[in-house]
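The values are calculated or read from the model by the stated rules, or taken from the named source; none is laboratory data. Just so it is clear, the model here is predicted, and its values are computed rather than measured. Here the Cβ positions follow ideal geometry from the backbone for every residue, glycine too, while neighbour counts run over all protein chains shown.
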Amino acid sequence: MAVYKDNATGTWRVIYRFTNWKGERKQTQKRGFATKREAQAWEHEIMLKQGAKLDMTFASFFEVYEADKKQRVKESTWESKSHVIRTKILPYFGNRKIAEIEAKDIIAWQNELMAYRDEKGKPYSADYLKTIHAQLTAIFNHAVNFYSLPYNPARRAGTMGNEIPKEVNFWTKEEYLKFSEAMMDKPRSYYAFEMLYWCGIRSGELLALTPADFNFENQTVTISKTFHRSKGRDIITNPKTKKSNRVIKMPTFLCEEMQEYIKMLYDIKPEERLFTVTKSYLNHEMERGAKQAGVKKIRVHDIRHSAVSLLIDMGFSVLAIGERMGHEAEKITYRYAHLFPTVQTEMAEKLEMERRHKEDTNGKNT
């Protein structure tokens with residue numbers, strides 16, 4: 001490495017030569033440092049990063065972590081992770097040496113986040129606090145597992161925020177039917193919400209659907225991808241989880257509706273998207289339809305909850321519902337337990353009968 005002063009601009013620059021993982025000699029440089037000390041500090045950090053020495057700052061190690069992890073997760077996933085890290089973690093720990101951060105420092109950081117209130121006096125939710133802490137834990141885990149950090153101070157400090165089951169908001173079948181009738185003035189919106197409700201798919205899964213995903217002879221739709229929009233680009237990726245890859249049996253009326261819709265789309269190709277809209281469009285349409293139908297306002301994702309509640313009410317098992325929704329059965333039980341009141345009642349009644357049967361038997365024996 002070398003540090004030079006640029007006489008033309010009066011600033012300092014660093015030229016850094018290194019050997020990459022392929023054994024190739026490379027050179028890079030950075031200009032514009034106001035002082036020689038700043039240039040030397042940057043030079044020192046680069047040397048530590050290149051040698052993966054944990055004397056580097058947390059911000060520098062995050063760049064190492066990013067290089068290691070970014071290509072291994074979905075773009076949308078990385079965007080969510082990095083936003084949390086850059087806004088909630090780096091401002092606090094960025095300039096600290098990663099090897100010197102202790103559990104007590106993590107606790108102090110947690111206390112600041114838990115004490116936060118926005119302009120309306122509202123704190124961060126317990127789930128959000130848990131998410132923030134999970135990102136910090138993941139970075140330290142990476143340092144422990146691959147760069148010889150002795151221990152994870154975030155894990156030692158313990159998490160913050162308790163995982164509280166979120167209140168599930170949903171429409172009854174009668175409410176959905178009122179809403180769907182209001183949507184009939186826009187066929188694209190009507191058919192989109194029909195798929196969301198009667199198949200219980202996620203909005204990203206809906207927006208990735210193509211004609212090739214439908215088998216009308218078998219009355220099925222294959223869910224094998226999801227859509228999201230990032231930085232003005234439309235991106236199709238694998239579904240949210242492995243369990244999300246599934247084939248859903250469709251009711252006959254829905255097959256007929258989707259055949260009608262596909263015929264409306266002039267010369268659409270088998271691999272072209274059926275619903276060339278965004279999630280914000282669905283949100284807008286949902287608000288419009290709810291207002292027009294006179295039903296309570298819920299989120300687009302709550303239609304998925306509505307589909308689950310309908311299946312529960314129809315008496316289907318947790319396992320069967322989980323398979324259709326692309327969820328593990330235990331997640332269905334955890335999230336929607338309060339929607340199974342008839343099951344709880346049935347359990348109590350059978351326990352009552354079991355007890356009475358035992359008492360009757362004992363009475364006869366005496």
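Scanning the range 278-290 for residues that are touching a strand residue (DSSP E or B) at 6+ places or on another chain (Cβ under 6 Å), modelled with pLDDT under 95 and not hydrophobic (A, V, I, L, M, F, W, C) turns up at least one hit. Examine the range 249-269 for a residue that is in contact with a Ser or Thr (Cβ under 8 Å, 6 or more places away or on another chain), under 30 Å from Arg72 (Cα atoms) and touching a residue at least 40 places away in the same chain (Cβ under 8 Å), and state whether such a residue exists. Checking the range 249-269: not a single residue is in contact with a Ser or Thr (Cβ under 8 Å, 6 or more places away or on another chain), under 30 Å from Arg72 (Cα atoms) and touching a residue at least 40 places away in the same chain (Cβ under 8 Å).
So that you can scan it fast, the table gives a plain yes or no per residue for (1) in a loop (DSSP other than H, G, I, E, B); (2) closer than 16 Å to Glu194 by Cα:
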| residue | (1), (2) |
| --- | --- |
| Arg229 | no, no |
| Lys269 | yes, no |
| Glu285 | no, yes |
| Lys291 | no, no |
| Val295 | yes, no |
| Ile312 | no, no |
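The numbered conditions (1) crowded, with 17+ Cβ neighbours inside 10 Å; (2) more than 29 Å from Ala41 (Cβ to Cβ) are all true for Asn152 except (2).
Only one entry in Thr210, Thr226 is at pLDDT 95 or above, among the polar types (S, T, N, Q) and surrounded by 15 or more Cβ atoms within 10 Å (Cβ to Cβ), namely Thr210. Within the range 231-245, being part of a loop (DSSP other than H, G, I, E, B), touching a helix residue (DSSP H, G or I) at 6+ places or on another chain (Cβ under 9 Å) and either surrounded by 11 or more Cβ atoms within 10 Å (Cβ to Cβ) or of a type in the set (Val, Ile, Thr) (or both) holds for Asn238, Pro239, Lys240. If you take just the helices (runs of 4 or more DSSP H) that sit entirely in the range 63-155, which of them hold at least 3 residues that are more than 30 Å from Ser230 (Cα to Cα)? Output list reads 103-115, 126-147. Is one or more of the residues making up the range 67-89 modelled with pLDDT of 95 or more, out of contact with any strand residue (DSSP E or B) (no Cβ under 6 Å at 6 or more places or on another chain), outside the structural domain of Ile235 (by TED's automatic domain parsing) and hydroxyl-bearing (Ser, Thr, Tyr)? Checked against the condition, which is being modelled with pLDDT of 95 or more, out of contact with any strand residue (DSSP E or B) (no Cβ under 6 Å at 6 or more places or on another chain), outside the structural domain of Ile235 (by TED's automatic domain parsing) and hydroxyl-bearing (Ser, Thr, Tyr), the range 67-89 yields at least one hit.
Considering only residues in the range 160-198 that are of a type in the set (S, T, N, Q) and at pLDDT 95 or above, the one that is surrounded by the fewest Cβ atoms within 10 Å (Cβ to Cβ) turns out to be Ser180.
Being without any contact (Cβ under 8 Å) to a residue 40 or more places away in the chain, farther than 29 Å from Glu38 by Cβ and not hydroxyl-bearing (Ser, Thr, Tyr) is the filter here; which residues of the range 74-103 pass it? Matches in the range 74-103: Trp78 only. Residue count for the range 80-117 under the criterion of being surrounded by 15 or more Cβ atoms within 10 Å (Cβ to Cβ) and of a type in the set (Asp, Glu): the result is 1.
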